[in-house]
Amino acid sequence: MDDDSAKGEPARSAINPTGEKSEKAVSKSWPSFSLISLRTDLDRVYSELGGPAPLRGRIDRNTFERFCNEFSWRKVEPTLCRFQKDRDIAKRHWPWVAFALGQYRFERKERQQNSIRLDPGEVISLMNDIRRSAKELTSGLARLQSYSQGLRDPTAPLEKPHLRYLDQLISQAAAGDPASEVNKDPKYMLWVFSEKMSFFQRLSGIEAVADEAATRLVDRDLLKRKKGQADPALHNLVWRGAEIWSSLTGRVPSPNRVHRDSGEEPDFVLFIQDLVRLAGGECPSRKVVEISLGNRRTPDAG
């Protein structure tokens, strides 16, 4: 600290006769900060190392900063330096790792929130439900219209007028103009009737197409899932990790035990397993990593 004693002056020289520190002495007692001391690890990557490693794709600095705040250099350093002894090279790949981890965590969360999946039988059942619903709605609308237009019952003189009122309300909604009151304008009522007939035709078309889909168009093979994809978000992480791995180590990403005589997993598999753990996922097996890497799709858009 830049105090008076450090300059060889007695500490008491900073105290006035009343025993209080002078304004000048108080100002000197505060620590001196510089902008350099406030630089982040990402700032140093840009200013001292030339920026993140030149991988494919363009990520702006603000995006890197957001993910680097979530996955700091301190968290990621042990994994990167495990496979790249040159600390500067490792650090230039850190922003890309942070981005990949952030995307992986986001995709896991999104997929878990939308985790309902249908098997082929359930899709066919859904088509049949749509067919039945369209048929029942058509039938219900037609029945209400028929009842409202029937002969008046002397024992219930207000029944038919009320049914006609209800039928017109529903008809207005079917025409695409729902309201809490009936519009009795003749031109409007004629338009409502025309639109209601068109709605009947659309329902009839839905019923026919859903029936055709359930009986002939649903392809069970297209709806089947491949085994080993318990974590669908892993595919994107593996592919992003593979690109980082190639740049980081200069080696081809492989899930095979090429250089292993013992039971330890290949380096690339260990790398992916480390990344998954950093993001809070369940550690994948070598086989699962192999399946994800072997699925020749580029990473899905995040």
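The values are calculated or read from the model by the stated rules, or taken from the named source; none is laboratory data. What you see is a predicted model, and the numbers here were worked out from it, not measured in a lab. Cβ atoms come from the backbone with ideal geometry, glycine included; neighbour counts cover every protein chain shown.
Results, tabulated for the structure shown:
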| item | result |
| --- | --- |
| Residue within segment 64-83 that is part of a loop (DSSP other than H, G, I, E, B), farther than 30 Å from Gly205 by Cβ and outside the structural domain of Leu203 (by TED's automatic domain parsing) present | yes |
| Qualifying residue in segment 146-168 (condition: at pLDDT below 95, in a helix (DSSP H, G or I) and polar (S, T, N, Q)) | yes |
| Qualifying residue in segment 127-145 (condition: modelled with pLDDT under 95, of a type outside the set (A, V, I, L, M, F, W, C) and buried (at least 16 other Cβ atoms within 10 Å of the Cβ)) | yes |
| Residue match in segment 55-73 (condition: more than 30 Å from Asp211 (Cα to Cα) and of a type in the set (A, V, I, L, M)) | yes |
